[in-house]
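The values are calculated or read from the model by the stated rules, or taken from the named source; none is laboratory data. Computed from a predicted model, the values in this text were never measured in an experiment. Glycine also receives a Cβ, built like all others from the backbone with ideal geometry; neighbour counts cover every protein chain displayed.
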Amino acid sequence: MKKFITILLTLFIFLLGSCYTVSKTNLKTLPEIPFADRPVIAVIDFRNKTGNFGYDNLMEGITGSMISELQSTKHFRIIERERLNAILDELKLNLGGLVNPDKAKEVGKILGVDALLFGNLSSVKYSKNKQTIFIAWTEEQKVEVDMDARLVNIETGEVLAASKAPSFVKQRNWVAFWFARLGKKTDKNAIIQTGIDQDIRQLANDIADKTPSRKDLGK
């Protein structure tokens with residue numbers, strides 16, 4: 001009987017050992033826009049608004065991923081980041097300076113774009129907890145990530161499209177009792193990156209869905 005209970009407990013813990021939950025995205029099916037009708041945009045480097053400077057090193061990767069996702073929607077023509085950075089250097093402007101509508105308009109005209117995309121990593125909340133089950137226990141990690149983006153018309157300063165994307169990732173890292181440990185612990189940064197990737201996909205899809213074609217913009 002004792003052996004039977006041990007086997008059942010072991011099976012129960014094994015089933016718990018690799019539980020991994022990721023929030024779902026709500027992606028719309030987007031029709032492809034003819035190349036000539038796609039708005040020309042530049043993506044400004046995303047800003048870290050979390051208050052945690054430790055996430056500063058994620059910004060370049062976030063911006064690059066957003067460009068890739070926007071490109072894959074087949075709704076935009078996107079100016080290369082190198083060209084944008086070269087113009088900013090020439091004008092002796094940093095990214096913060098583009099918040100000024102006049103400066104944004106000046107940069108936009110030099111680049112020949114219709115709009116600039118601004119975005120933020122707004123919030124990252126990380127938590128851990130431990131739950132005891134008989135002689136076993138589980139350790140869980142949970143990350144909640146919030147991001148936002150807006151596409152601004154360089155001529156009028158009008159926000160053409162805006163979106164906020166929340167996501168969460170939860171993993172039961174491992175389960176242990178007196179003779180065994182099951183489940184693989186995932187690195188905290190990898191879990192955060194999963195949440196960021198979910199948000200980027202959602203933001204790109206939302207922005208593409210809400211942005212008028214170049215023809216509708218009167219171009």
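Listed by first and then second residue, the pairs linking a residue in region 65-77 that is among the polar types (S, T, N, Q) to a residue that is in a helix (DSSP H, G or I), with Cβ atoms under 8 Å apart and 6 or more places separating them unless they lie on different chains, are 65/196; 65/197; 65/200; 72/204; 73/204; 73/205; 73/208. Among the conditions (1) at pLDDT 95 or above; (2) part of a helix (DSSP H, G or I); (3) out of contact with any Leu (no Cβ under 9 Å at 6 or more places or on another chain), the only one that residue 122 does not satisfy is (2). Residue 147 fulfils the conditions (1) crowded, with 17+ Cβ neighbours inside 10 Å; (2) assigned to a helix (DSSP H, G or I); (3) at pLDDT 95 or above except for a single criterion, (2).
Can you pull out the residues in region 66-78 that are touching a helix residue (DSSP H, G or I) at 6+ places or on another chain (Cβ under 8 Å) and closer than 11 Å to residue 201 by Cα? It would help to see each step written out before you state the result.
Let us first name the residues in region 66-78 that are touching a helix residue (DSSP H, G or I) at 6+ places or on another chain (Cβ under 8 Å), namely 66-67, 69-70, 72-73, 75-78.
Answer for region 66-78, where residues must be touching a helix residue (DSSP H, G or I) at 6+ places or on another chain (Cβ under 8 Å) and closer than 11 Å to residue 201 by Cα: 66, 67, 69, 70, 72, 73.
Every residue, every condition in (1) farther than 19 Å from residue 201 by Cα; (2) surrounded by fewer than 18 Cβ atoms within 10 Å (Cβ to Cβ), yes or no:
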{"position": "64", "(1), (2)": "no, yes"}
{"position": "87", "(1), (2)": "yes, yes"}
{"position": "107", "(1), (2)": "yes, no"}
{"position": "113", "(1), (2)": "yes, no"}
{"position": "124", "(1), (2)": "no, no"}
{"position": "128", "(1), (2)": "yes, yes"}
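Residue check: residue 201 meets all listed conditions (1) in contact with a helix residue (DSSP H, G or I) (Cβ under 7 Å, 6 or more places away or on another chain); (2) at pLDDT below 95; (3) surrounded by fewer than 20 Cβ atoms within 10 Å (Cβ to Cβ) but one, namely (2). For region 153-174, the set of residues classified as β-branched (Val, Ile, Thr) and over 22 Å from the mean Cα position of the chain (by Cα) consists of 154, 156, listed by residue number.
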